[in-house]
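Quick notes on the structure that follows.
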Amino acid sequence: MAYSTLNTKIANIDQEDFFETTLKTAVTDATDTNIYLNTLPTPTEGFLTIDPTNTSKREVIFYNAKGADYVTVPSAAIGRGVSGTAQGHDVSSVVRLSDASKYFTFLRDRIISLNTGWIPADQSWAYASANTITVPSGATAIYSVGDKIKITQTTVKYFYVTAVADTTLTVTGGTDYTVANDAITSPYYSKATSPVGFPGWFAYTPSLSANGSMTYTSTTVNLARFKMDGKSVTLVINHQGTVGGTPNTTISATLPVNCKDDYTYCVNNIFNNGANAVGYSAVVTSNQSLNSRIANGGNWTAGAVIVRAEIVYEAG
C-alpha cells in the first residue's frame, strides 16, 4: 500500500522553516523505518527529503512519529519513497524539511473534502455494537449530538450521533443503516447541514402499545421517519390498528432518538373508531415514547384507530 493523504493527520502535520540536518547513521536500504538524525524536526508529522541535491539519491519520506534521535515512518510501503526512490543513504547525508509536493496534495485533498461537508476523522474507529463505535479518547472535545458520520464497511453507511462519551459514539441510522461487526474504514464526520450524500431522513420501526388494560392490535406502521438538526429531532409518524380490551387514554410509539424532557407536544389528526378527530401527542422520558391521546383527554373508543403526528423535540 503506497502513501495516501488519508495516512496523514491534519492536527499533527506541519512545516518548519529552514529545517536542515544530517543523517546520524546510514540508512541501510529501502526497508528501514527508523531514520536517525542529528537534529529532530519540530512537527509531529511531516515530509523530509534525504539527499535533496543528488538527483539519483534524493528521496522524500513521510514520518508520523519521533524517538529520541530518530523519526519513524508508518511502514516502508507507506513512508519510504513517497517521492523519488526508496533506497540506502550514507551517514551525514543532508536531510531537509522542504516543500514536498505531497504536503500540498494533502492540503488540497483536505480542502476538497471540506467542500463536500465531510471532515476526515483521522482516527481509527472500531465496532462496539450495532449502534456504538469505539473511538480514541477525547471524543467529547470533537463530536456532538446531532453530528453526522460516514463510515465504510464494504459499502458506505451514514448515521446521526445521539450520544458522546470519552471513547464511544452512540449512533443511529434508523433501520436504514447499522454498524456491523466488521472493520471500519474511511471514517468522516460533519457538522454541516447537508454534507454530500447524507440522506437526512431515516426510517425506523417503532414499538406500539397501549396503557392499562387497553389493547392495540393488528397494527400497521404506514410511515415512521426522523431527522436531526443538532439536538432537534423531527419525527413524522403514521400508524393504525384496532383498540380493544378496556378503553384507556394512551397509545404509545417508541421514539427513534431518546428525548431530554417530558411533554413536548403537538396537535394532530386522529381516527377514533371510524371518525376523524383532533388529538395530541407528547414525548415522555419514562418510556421514551410518543404518547397519543384524544383532545379531551378521555378514553379511546374500541375499534379502528389511526394516529398521525409530526413533532420536533430535543434529544437527550
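Every read-out reported here was derived from the displayed coordinates using simple, explicitly stated rules and does not represent laboratory data. The model shown is predicted, which means the values in this text are computed figures rather than measured ones. When we count neighbours, we look across all protein chains shown, and the Cβ atoms used for this are built from the backbone with ideal geometry, even at glycine.
Summing -39500 (n - 2.57) over the DSSP H runs of n ≥ 4 in the chain and dividing by its residue number, what mean residue ellipticity at 222 nm do you reach, to the nearest 500 deg cm²/dmol?
-1500 deg cm²/dmol
Counting other beta carbons within 10 Å of each residue's own, what order do Leu114, Leu23 fall into, fewest first?
Details: Leu114 14, Leu23 19.
Ordered from fewest to most neighbouring Cβ atoms within 10 Å, Leu114, Leu23 come out as Leu114, Leu23.
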| What list of ³J(HN,Hα) couplings, whole Hz, do you get for region 37-47 from phi and the Karplus terms 6.51, -1.76, 1.60, once you set θ to phi - 60° and write x for glycine and proline? | 10, 6, 9, 8, x, 6, x, 5, 10, x, 10
| remark: So, for the Cα atoms of the chain, Rg and Dmax in Å stand at 28.5, 91
| task | Rank these for me by crowding, Leu208, Leu107, Leu223, going from fewest to most other beta carbons within 10 Å. | result | Leu223, Leu107, Leu208
| task | Search the structure for amide H atoms under 5 Å from the amide H of Met214, placed 1.01 Å from N in the peptide plane, and list their residues when 5 or more places away or on another chain. | result | Thr246
| By what distance, in whole Å, do the Cα atoms of region 55-101 stretch along each of the three principal axes, largest value first? | 29, 23, 21
| Residue farthest toward the positive end of the dipole of the chain, with Cβ of Lys/Arg at +1 and Asp/Glu at -1: which of Ala76, Asn38, Ser129? | Ser129
| said: Can you return the aspartates and glutamates within cross-link range of Lys157? Criterion is Cα-Cα under 16 Å, with same-chain partners fewer than 8 residues away left out. | reply: Asp147, Asp176, Asp182
| task | Return the ratio Rg/(2.2 N^0.38 Å) for region 106-185, where Rg is computed over Cα atoms only. | result | 1.07
| task | Pull up all non-local amide H partners of Ala163: gap of 5 or more, or a different chain, and H-to-H distance under 5 Å with H placed in the peptide plane. | result | Thr170
| query | To one decimal place, what orientation-averaged projected area in nm² is obtained for the convex hull of the Cα set of region 104-145? | reply | 4.1 nm²
| note | Computed on Cα atoms only, the convex hull of region 213-316 has an orientation-averaged projected area in nm² of 5.9 nm²
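Give me the orientation-averaged projected area of the Cα convex hull of region 50-206, in nm², one decimal. Don't skip to the answer; put the middle values down first.
On the way: hull surface 47.7 nm².
For region 50-206, averaging the hull's shadow over all directions gives 11.9 nm².
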